[in-house]
Amino acid sequence: LVSRYNGLLFFGFVASMPKTILPDWIYYPFFCPSVKVDENGRLKHANYGMRKIEGTLIANGFTRDEVAVIHPEHIDKAVDENTEVVAITSIDPLGIGPLTSTCTELFDGTGRMAAKLQEVLESPSIRKHKPKVILGGPGSWQFGAHPEKMDDLGIDHVVIGEGDISAPKLIKGIIDGNSEEFPKVIDGEVTFEEDIPEIVNPSIIGLVEATRGCARSCAFCVPSVRKVRSIPLPQIMKEVKVNVDSGENGIILHGEDILLYKSDGLNVNSEAVINLFREVKKYAGVNWVYGVHTSFSSVVSSPETIEEISKILELNGTQNKVNYFQVGIESGSSRLIRKHMKGKVYPFQPEEWPDIVRKGFKILNDNHFIPCTTLILGLPGEEKEDIQESIDLVRSLKGHKSLIVPMLFTPLETTRLEYSKGLYKKDFSPEHYELITACWEHNLNWTPLLWSHYGYSKNAFVKFSMDIVFRIATKLILARMRYIARKHGAEI
Ligand code: SF4
C-alpha cells in the first residue's frame, strides 16, 4: 500500500502474490518499489483510505502536527512516548481475502500483506510505548469473522466499514481515556456524501473517490451492502487539485461502477458521467484519467457514454493509446447469475448475461478500453454444467483484448453469502482446473500486446525487464496449470 507500482496501477494486484512465488529482492524493486518519505517517515503520497482518515481527523479538530501518515517501515521514527494511537489500514490483514486465497490455494505459501502487518505490529516502538492500536480498511471485515485474532496480534479496536465518523470518535475517546466505552469491533457509521471530508494530502497515483457503495447488490460483495452515494463534483475537484498540486499528472476515479455516477437507480446518467470525465480531464495538469470499475450491463445499456468518454480521454492518440476498466464477469452460468447477482445484469435478464458480456467486451475494445475482468469459481450451488458454461464463455472471448482473472469464492463477512462455504483446492473438480487453464490461456495470448500498451511510456529498463519477466512467468504459470489440470483429470 506504500508503492506506486512503477506508475502501473494494476500491479497492485501483485500484492496478493504469495511469498513462495518470488523472492523479496525481485518482488519489491520490480513490482512494489516504495514511495518516498521525509526524514520523519511521513509519506508524501499515501493510500487513499488512510488519507480519508487523515482528512476526517483534520476536519474534526485535530491539527496537521497531531496526525502523521507514516510509512510502515519507518514507524519507529514516529512512535514515541507521546503517541496515543496507531491506526493501520489493511486490505488483507489475515491473508484470507479472495485474491490472496486464490493465489495461496493455487501456489501455496503465505500472503504478503498479513506478514507485513505482523511486522508493523511487532515493531520495537509499538512494543515499547504501547499506544492503542486500531485497524480499519477494506480487509477489516476479517476480524468480524475472527475477533480472537485481535488479541493474538495486539489490536485494540477494529472499525469495519466506513471510518469518516467512527474513526475520529474512537480516537478522541481513546485520547480522553474512554476507550472502554467502545466495543472491540465497531461497525462504522455511515454519512451523507456531502459530509464526507476531502483528503488534504495527495493519494497514491492520484486516486479520488467518485462513488461509494453499489446498488447492483451482488450477494458475495462488500460494497453491495454500503449505502450508495455519488460524491458531488466540487468535492471531487478539490481532491483532484490536491493531487495535481503534488505533481500528479493523472487521476484515477474510484467507484464500483463509475458509469453509475449520479445514476437514477441502475440507469446510467450519461450526462453526469460524461461531465465528470470532461471536468477532471480538462483540469490543468491532468493528462490522463482512469475510471477503475464498471459493469458490462452499464456499458451495453449506454455504449454512447463509453464512446464519448473515449473521445474526452483522446484514446488511440499519441499520448493515451488505451484505457482500462476492471469489470466482473463472475460466471457464464445464467442460473448462478439469477441466484446470486440478478442486479448485476439490470436492465437485462440473467439469461442474456453471456451475450451481454460478449457485447460489453466488443464495445470496450472498439472504444480502446481493455476490460480486466474477474470470474468466480465455486459460487454456492455451482454444478458441473455451470462451470462448463463459464468455460464456454471464456473461450468465446478469445478474440477480445482483455484479461480474465479466475478467483475462488471466499465468503466475506457482512455479505449475504457470509455463511456459505468457500472453494478450496482440495475440492476442485476437473472442470475447475479446465476453467482456470482456459483463463490463463486467454491471458497468455494477450499479455505481450497488453504489456506493450501498458508499459509503453514507462522507464525503458523497467519495460524491457518486465517484458521478459511477463513472457517467462506467464509461460511457466500456464505450463504448470496445464500439467496440474491434466493430473486432476481435466481434458486439455
Ligand atoms: S456490481 Fe460489482 S461492486 Fe456492485 S455489487 Fe456487484 S460485484 Fe459488487
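Taking the condition of being of a type outside the set (Ser, Thr, Tyr) and without any contact (Cβ under 8 Å) to a residue 12 or more places away in the chain, how many residues in the stretch 291-340 meet it?
Qualifying residue count for the region: 3.
Would you mind finding the one in Ile387, Ile391, Ile472 that is at pLDDT below 95 and more than 30 Å from Val185 (Cα to Cα)?
Just a single option satisfies the conditions, and that option is Ile472.
If you go through the stretch 36-79 one residue at a time, how many are farther than 19 Å from Ala167 by Cβ and in a helix (DSSP H, G or I)?
Looking only at that region, the number is 4.
Collect the residues in the stretch 392-426 that are among the acidic types (Asp, Glu) and either assigned to a loop (DSSP other than H, G, I, E, B) or closer than 17 Å to Cys103 by Cβ (or both), keeping them in residue-number order.
Glu413, Glu418
Looking at (1) open to solvent by less than 40 Å² (accessible area, probe 1.4 Å); (2) at pLDDT 75 or above, can you tell me which one Trp440 breaks?
It is condition (1) that Trp440 fails.
Within the group Ile387, Ile376, Ile370, Ile391, which residue is farther than 19 Å from Thr437 by Cβ and not charged (D, E, K, R)?
Testing whether each residue is farther than 19 Å from Thr437 by Cβ and not charged (D, E, K, R) leaves just Ile370.
I need a count of the residues in the stretch 459-492 that are open to solvent by less than 50 Å² (accessible area, probe 1.4 Å) and not in a helix (DSSP H, G or I).
2
Quick one: is Asn275 touching a Gly at 6+ places or on another chain (Cβ under 7 Å), among the polar types (S, T, N, Q) and away from the ligand (no atom under 14 Å from the Cβ)?
Answer is no for this residue.
Give the number of residues within the stretch 36-47 that are more than 21 Å from Ala114 (Cβ to Cβ) and either hydroxyl-bearing (Ser, Thr, Tyr) or touching a residue at least 40 places away in the same chain (Cβ under 8 Å) (or both).
Result for the stretch 36-47: 3.
Is the stretch 98-112 home to any residue that is open to solvent by 20 Å² or more (accessible area, probe 1.4 Å), within 20 Å of Glu54 (Cβ to Cβ) and at pLDDT below 95?
no
Looking only at the stretch 87-110, filter to residues that are in a loop (DSSP other than H, G, I, E, B) and within 14 Å of the chain's Cα centre (by Cα); which one of those is farthest from Ile186 (Cα to Cα)?
Checking each candidate, the answer is Gly97.
One residue is enough: does the stretch 346-365 have a residue meeting the conditions open to solvent by 10 Å² or more (accessible area, probe 1.4 Å), within 16 Å of the ligand (Cβ to nearest atom), assigned to a helix (DSSP H, G or I) and of a type in the set (Lys, Arg)?
no
Quick check: anything in the stretch 299-320 farther than 26 Å from Lys238 by Cβ, at pLDDT 95 or above and crowded, with 24+ Cβ neighbours inside 10 Å?
yes
Looking only at the stretch 226-261, which residues are assigned to a helix (DSSP H, G or I), of a type in the set (Asp, Glu) and surrounded by 17 or more Cβ atoms within 10 Å (Cβ to Cβ)?
Glu239
Pull out all pairs, ordered by first then second residue, where Cβ-Cβ is under 7 Å, the residues are six or more apart or on different chains, the first lies in the stretch 66-86 and is free of Cβ contacts under 8 Å to residues at least 40 places away in the same chain and at positive phi, and the second is open to solvent by less than 40 Å² (accessible area, probe 1.4 Å) and not in a strand (DSSP E or B).
Pairs that qualify, where the first residue is free of Cβ contacts under 8 Å to residues at least 40 places away in the same chain and at positive phi and the partner is open to solvent by less than 40 Å² (accessible area, probe 1.4 Å) and not in a strand (DSSP E or B): there are none.
Starting from the stretch 264-290, keep only residues that are at positive phi, then list their pairs with residues that are buried (at least 18 other Cβ atoms within 10 Å of the Cβ) and in a helix (DSSP H, G or I) whose Cβ atoms are within a distance under 8 Å, requiring at least 6 positions of separation or different chains.
From the stretch 264-290, the pairs are Gly285/Val244.
Of everything in the stretch 140-154, what is more than 24 Å from the chain's Cα centre (by Cα) and not in a helix (DSSP H, G or I)? Give them in sequence order.
Selection gives Gly154 alone.
Yes/no per residue for (1) within 16 Å of the ligand (Cβ to nearest atom); (2) modelled with pLDDT of 95 or more:
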site	(1), (2)
His146	no, no
Asp164	no, yes
Leu170	no, yes
Ile175	no, yes
Lys184	no, yes
Pro202	no, yes
Thr211	yes, yes
Cys221	yes, no
Val228	yes, no
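The values are calculated or read from the model by the stated rules, or taken from the named source; none is laboratory data. The shown structure was predicted, so the numbers you read here are calculated from the model rather than taken from an experiment. Don't worry about glycine lacking a Cβ; one is built from the backbone with ideal geometry, like all the others, and counts go over all protein chains shown. Accessible surface is based on the protein model in full, side chains and every heavy atom, while ligands, DNA and RNA are left aside. Shrake-Rupley method; radii C 1.70, N 1.55, O 1.52, S 1.80 Å.
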